[in-house]
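Quick note: the coordinates plus some simple rules give every number you see, no bench work behind them. These numbers come from a predicted model, not from an experiment. Virtual Cβ from ideal backbone geometry, glycine too; neighbours counted across all protein chains shown.
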Amino acid sequence: MIVLTGLMLTGCVPSERPDAATPPDRETLLTTTASCHLLRVGQTNDVAATDATVIIAADKYHLSITAIVERANRMVKEYERRPSDLIARAMEACDQLAELTGTAPALVRFESDGTLRTTWLRIDGVEITPGFAQRTITELRLRKAIGLVINSPGGSVDEARKLGRYLRANGLRTAVDDYCASACIDVLAGGVERYATQGARIGVHQSKVPPRYSSHEGGQLYVADAFLYLREMGVDADVAIAAATVPNDRVLIISLAEALSARLITGVVEGFE
C-alpha cells in the first residue's frame, strides 16, 4: 500500500562535497545557474521547483532570483527548436554547480506561501513487482514529493533499478526507517541523499537470477551488473560482492556504520515528523 504523508527529516545534515571549484565569470555562472533551474522546472512541470545548488549559488555569488529567471526564460526561447540540447546543457549545469557550491544536486520545491515543501512519499512492506517503478513515479509526481521512504523486502531488481535511476536523475532523496533488503537497496541507492534512522535494518543477499542469466556465466554477469549499478550510484560496489556471498534464503544485515562507510546511506536521522 502506498500512502502519502507530510514528512520532515529530523537530525538531518545536508550532503556536501568537500572541495568547491573556482567560479567562472559572472555571465557564465548566471547561465549555468539558470540552466540547472530549468532542469528541475522542466522535470516537475512546476515553476515552484528548483535545485539546492541553484539556491546556494544564488546566495554565495549574489545572483538575484530575477536575473536567474530572466536568463532561464531567454534560454527557453534560444533553444526552442533544440530542446534536447537544452536538456543536456541543463543536466551538465547541475553537476557544475555541485562542484562550485560543494553541495549535491537535489530537488527543492516550495509551497504557495513560499515555504519549503517537505512532503515525502512513503512505501511500507510492498514487494517490488512488475510495474512498481512506474506506479511509484506516478505517485511521486502526483504528490509533488521531494523524496521516497522505502521499506520493502525486495523483489524485481529491474524495477528497483529503473526507479533508482529515475530518483537520481530527478534529484529525489531516499530513506529507510524500518526494513529495506535485497532489491530495495537498489531503490535506496538511487537517492541523491540517502538516509536511515537508528532502528532501520538494511539487508543484502543473493538475488534470484532472472531467466536471461540462467547459465553459470550469466550468473557472473548478473553480479557484475549489480556491481556496476551501485558504482553508477556512487555506492561502494563491494556491497554487491558481499550480497553475492549470502544465500538467497538468508539476509546479511549491514550496520549503519558500514552503510555510511560504503555510502549506501549518506546520513543517519532521528526520524520523521
task = Name the residues whose placed amide hydrogens come within less than 5 Å of the amide hydrogen of Tyr179, ignoring near sequence neighbours (fewer than 5 apart) on the same chain.
result = Ser152, Arg201
ask   = So what J values fall out for segment 167-173 if you push phi through Karplus, 6.51 cos²θ - 1.76 cosθ + 1.60 with θ = phi - 60°, rounded to Hz, Gly and Pro as x?
value = 4, 5, 5, 9, x, 9, 9
query = Going by average Cβ neighbours within 10 Å, how do the peptides 23-32, 99-108 rank, with the highest at the top?
reply = 99-108, 23-32
Cα gyration tensor category, rounded, prolate or oblate, for segment 156-201 with a/c compared to 1.5 = oblate
message = Only four residue types carry charge here, +1 at the Cβ of Lys and Arg and -1 at the Cβ of Asp and Glu. Report the dipole size of segment 27-119 about the Cα centre in Debye, rounded to the nearest 20.
response = 160 debye
